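Scroll down for the structure; my scribbles are underneath it.
The values are calculated or read from the model by the stated rules, or taken from the named source; none is laboratory data. What you see is a predicted model, and the numbers here were worked out from it, not measured in a lab. We place every Cβ from the backbone using ideal geometry, glycine too, and count neighbours over all the protein chains shown.
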Amino acid sequence: MFNILGLSKKYIGGLILLIILLGSGFILTAYTDKNNSGTVHADSLQLNPFVEPDFPFISTSLDARKLGSHFPNDNISARSLALQLGDSAYACFDTDLLRWSVGWTGKFLPMVLMAQISYKDFFNKNNKITTVTGDPKIATGSYAGWSEGKPDFKDPREEPEIANEIKWGAMPPEKARWNGVYVYGRKSVLHYNVGKASIFEMPESMRFENETAFVRKIQIENADKELYLTAAEITDASAGEVKGKIAFIYHGSSKDTVTAVAVLGKGSLDMQPEVNNNRYLTVRISSASKKEEGTILIWKGPASKKKAFEKLCKKKHTAFPDFKKGGQPHWAQTVTTSGESAPDTAAYVTDKLTLPLNNPWKRNVRLADISFYDSGHAAGVTFEGDVWMIEGIDKNLKNIRWKRFASGLHEPMSIEVVRDTVYVFGREGIVRLHDLNNDGEADYYENFSNVVVQSPESREWAADMVYGPDGSFYVAKGGTQSNGPGVTSQIAKGFRAGSKHNGTILKILPDGRSFEVIATGLRGPYIGMHPEKGTLTASDQQGNFVPSTPIYLIKKGDYYGVPASAHRKDNPPIAPPLTWIPHRADRSSISQVWITGNKMGPLNENLIHFSFAHPGLFRVLIDSAAKITQGGVSFIQADYPAPTSKGAMNPVDGQLYVTGFNLWGSSSKGISALLRLRYTGKPMYLPNQFQAARQGIVLGFDTALDANLSVSDFAVKRWNYKRTEEYGSGHFKLDGTSGEETLDVAGVYLSSDRKKVLLLVPDMQEVMQMEVAYRIKASDGKISSDRFWFTINNLSDLKAQGGDFKNVDLSLLEKKKGQPEPESRKELTASVENGKDIFQKMACAGCHSAGLVTKGMYGPPFQNLYKSERHFEDGSIGIADEKYIRESILTPSVKIVKGYNEEMPSFVGILSETDIESVTLYIKSLKKQDPEKR
């Protein structure tokens, strides 16, 4: 809650994590296996390492700018395949520049990216940039790995938006294009084009006299020009020579180290190693109209092993295997789980589809998104980069079958099944998966589209992807927030430079080769698409320049208010949202989905918004009478055991399936879940329509209401936000002073069908946020106490007389006109109890523990906070006294505790002085008490 808030860099330990998981209904605690039914708890959950030794690659970013002397220092890549070559040899292939950025031996890459570092340590957000911790042998700089006609050591990509920043993205397609990777057993086969030439490459390694030679087996077809491959760059070479089919560059004054590139004999390709500028080892390859093959060896080692390397080079080239027919499966087994159907206690309930944690590979399963085939079986993608096929989704959920289909993807969070083909959106772009031999596993990971530019900044997520009825994919890219170690410069408060597509929504045309920028100026967008009408929606993340959670109806050319991700210089106006949502209702929003079909009762054709932090689902209503689009939301009460992020409609049962996984701070401590939001047929009591008019507010309900309504059943408030560079916003009255305005309800009228309520409200004005709290009885006796939040961008005229409402006395508005604002709620006496209540209601508990827990929390624990010594990011030190706590609540950006990020809005205008005093008393009461129950 307070500036004590941020991303924790402290590790408490496995014991506290275990207590959290067991005490919070950890959704990954149980599964049922087809051979051995039983319950597995967190303490018996065993996970193998993130990298699996029998799968040939993982996708990653890599910072190899500090490999040491004689290596290039401009070596960084956002999209790479980290290849396992056998015998503790590895290489990274930069799929943007089609180069081996580095080859090394010893240890594989450290698992420090977001998905990797949190793979077992579920709430660990302290990701770093991947570097090489093994023994680097060869490297190239940030230029194309291949060129036509002559060697070229310049980066061919366009200049970045910001001067002196790093270039990101793929090469111009007329020069070269990454096509994808085949999986053939433990080997990868890389596929790309250089000019018109189609090239396949199988990376391997060879051992000789305790040395490692890196192998690049090449197959080329349709090469109408000479090609040049750059194999290595040596920045401090002392001499170079070419000896037949081997080129050498010597290091150091004594020439005791050598890097060499060689061509094996008996290959059909005409290839010649060369030394360029006494710095680069290249291979010239003659044009080849038909399919031809050859093998290249690259080695770095002591000059004393030179003759042994020359002997190795006498080996013959061996032909490529028939990899296009697919290889042997890696994951032949099917895992079976048994789900749990919820009792029909409300109109909508959540059934749980148990995740396959009891799998033979001891693989974590943090499900990020799901998509359905027409048959009703599904494909799901995990944050760790796996794709699972899911069958057996029926009414009872007792025989759910999970089959691993793909792996190695780079932090994907979106999946779409289009005409029975799987598409996944990750940092590498949109990957289209092909099962070439119908064995239930992907054999070819095709680059459908990499036109979206990606940087390795940790918060520049490949956030969301939806498929449109026009055959295009629409994607949302995270804004390059400052969280994380960072590789680009700071350009605004809370933001780094990143790439030119950070914080944007883009349209990828059906060919995958071209795109349109749809909207910019977003901090952390996630999107939704009506599959038939093509309506595109988005949410954004509260933070710097984003005062609270918005939902948008996206229009091409719109700008949404974050200067760091504007990517334009015409100073556009900020497009208004459909609605704002208060921090206490949804402080971290994700995607949206439209309920299609006719099997979801009152929610049919509704827009559903996903809250990560609440967690749960919101029903979104649109005021169709307004000239400027505006809307509102109410929360769908149900059991949400883990964060809710993405969803999809099952075409067979017509129900909404919901996925999500935990990591970034949610009120739920469940790690991941797959849920079915199921309509039971019971009555629904939420608003189903609304209108904001000059005369008041109309709310429609799904169920008829009791006739006895009064003005005391409703409370109306409004406030504005301020969009600044600070994180989030306090609440402000229309005159600019801090606080919320309470509006009088002058009259209440019920429609003839008793499903609509008209609230006469004087002094209705355009405002960013309104809240209607109500406690009303339905005709069946059900009492609902709830809230509806909405935004007024435009006021329409209410046509009450002769419409749904009878005998409306509009003179009541005049009688109230000019009267002073009603008194705010009666102030409660400051107390520990009231402070604890505020701690829960204001969502403080989602970021801070009342005890010692730090796992899953953005802010530090409150126990023992009072009077403790605080060390701040600016190097100063302070004591957490009453003054400090008050300052932290009202101006949280003034003092940021060391080890945390600024990720808390001001509570100016939200909490009264008595509220702040109560919170202070509550924090003081937590000093030196027993640890909280967890």
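Overview of values
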{"item": "Residue check for residue 759: assigned to a strand (DSSP E or B), touching a Ser or Thr at 6+ places or on another chain (Cβ under 7 Å) and in contact (Cβ under 8 Å) with a residue 24 or more places away in the chain", "result": "no"}
{"item": "Those residues of segment 898-920 which are modelled with pLDDT under 80 and surrounded by fewer than 21 Cβ atoms within 10 Å (Cβ to Cβ), in sequence order", "result": "898, 899, 917"}
{"item": "Residue that is farthest from the chain's Cα centre (by Cα), among those in segment 576-605 that are surrounded by fewer than 18 Cβ atoms within 10 Å (Cβ to Cβ) and without any contact (Cβ under 8 Å) to a residue 60 or more places away in the chain", "result": "598"}
{"item": "Only one of 885, 879, 783, 889 that is surrounded by fewer than 14 Cβ atoms within 10 Å (Cβ to Cβ), modelled with pLDDT of 75 or more and over 30 Å from residue 699 (Cα atoms)", "result": "879"}
{"item": "Residues within segment 330-345 that are part of a loop (DSSP other than H, G, I, E, B) and either surrounded by fewer than 17 Cβ atoms within 10 Å (Cβ to Cβ) or of a type in the set (S, T, N, Q) (or both), tallied", "result": "8"}
{"item": "Neighbours by Cβ (under 6 Å, 6+ apart or cross-chain): first from segment 511-531, free of Cβ contacts under 8 Å to residues at least 40 places away in the same chain; second surrounded by fewer than 23 Cβ atoms within 10 Å (Cβ to Cβ)", "result": "none"}
{"item": "Residue in segment 708-724 that is of a type in the set (D, E, K, R), within 26 Å of residue 602 (Cβ to Cβ) and at pLDDT 95 or above present", "result": "yes"}
{"item": "Residue list for segment 417-447, restricted to those being over 19 Å from residue 326 (Cβ atoms) and not basic (Lys, Arg)", "result": "417, 418, 423, 425, 426, 428, 429, 430"}
{"item": "Enumeration of residues in segment 140-157 that are of a type outside the set (Phe, Trp, Tyr) and under 15 Å from residue 95 (Cα atoms)", "result": "140, 141, 142, 144, 145, 147, 155, 156, 157"}
{"item": "Strands (runs of 3 or more DSSP E) fully within segment 142-199 counting 3 or more residues that are touching a Leu at 6+ places or on another chain (Cβ under 7 Å)", "result": "176-184, 187-194"}
{"item": "Enumeration of residues in segment 509-535 that are buried (at least 24 other Cβ atoms within 10 Å of the Cβ), among the small types (Gly, Ala, Ser) and assigned to a loop (DSSP other than H, G, I, E, B)", "result": "521, 524"}
{"item": "Candidates 625, 638, 613, filtered to the one that is within 20 Å of the chain's Cα centre (by Cα), among the aliphatic types (A, V, I, L, M) and in a loop (DSSP other than H, G, I, E, B)", "result": "613"}
{"item": "Condition check for residue 564: surrounded by 24 or more Cβ atoms within 10 Å (Cβ to Cβ), at pLDDT 95 or above and in a helix (DSSP H, G or I)", "result": "yes"}
{"item": "Options 697, 622, 628: the member that is crowded, with 23+ Cβ neighbours inside 10 Å and either β-branched (Val, Ile, Thr) or outside the structural domain of residue 382 (by TED's automatic domain parsing) (or both)", "result": "697"}
{"item": "Candidates 184, 192, filtered to the one that is touching a Gly at 6+ places or on another chain (Cβ under 7 Å), buried (at least 19 other Cβ atoms within 10 Å of the Cβ), of a type outside the set (D, E, K, R) and closer than 23 Å to residue 85 by Cβ", "result": "184"}
{"item": "Qualifying positions in segment 633-666 - surrounded by fewer than 21 Cβ atoms within 10 Å (Cβ to Cβ) and within 21 Å of residue 788 (Cα to Cα)", "result": "635, 637, 638, 639"}
{"item": "Wholly enclosed strands (runs of 3 or more DSSP E) of segment 230-308 bearing at least 3 residues touching a Ser or Thr at 6+ places or on another chain (Cβ under 8 Å) and not hydrophobic (A, V, I, L, M, F, W, C)", "result": "271-276, 292-302"}
{"item": "Selection within segment 383-418 - more than 25 Å from the chain's Cα centre (by Cα) and among the charged types (D, E, K, R)", "result": "391, 394, 395, 398, 401"}
{"item": "Pairs, first at pLDDT 95 or above in segment 98-109, second basic (Lys, Arg), C-beta under 9 Å, six or more apart", "result": "98/177; 100/216; 102/137; 103/137; 103/300; 104/137; 105/137"}
{"item": "Counted residues, segment 66-109 - those being basic (Lys, Arg), in a strand (DSSP E or B) and under 19 Å from residue 213 (Cα atoms)", "result": "1"}
{"item": "Selection within segment 663-682 - part of a loop (DSSP other than H, G, I, E, B), modelled with pLDDT of 95 or more and touching a strand residue (DSSP E or B) at 6+ places or on another chain (Cβ under 7 Å)", "result": "680"}
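Yes/no per residue for (1) surrounded by 14 or more Cβ atoms within 10 Å (Cβ to Cβ); (2) at pLDDT 90 or above; (3) among the hydroxyl-bearing types (Ser, Thr, Tyr); (4) more than 26 Å from the chain's Cα centre (by Cα):
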position	(1), (2), (3), (4)
4	yes, no, no, no
16	yes, no, no, yes
43	no, no, no, yes
52	yes, yes, no, no
81	yes, yes, no, no
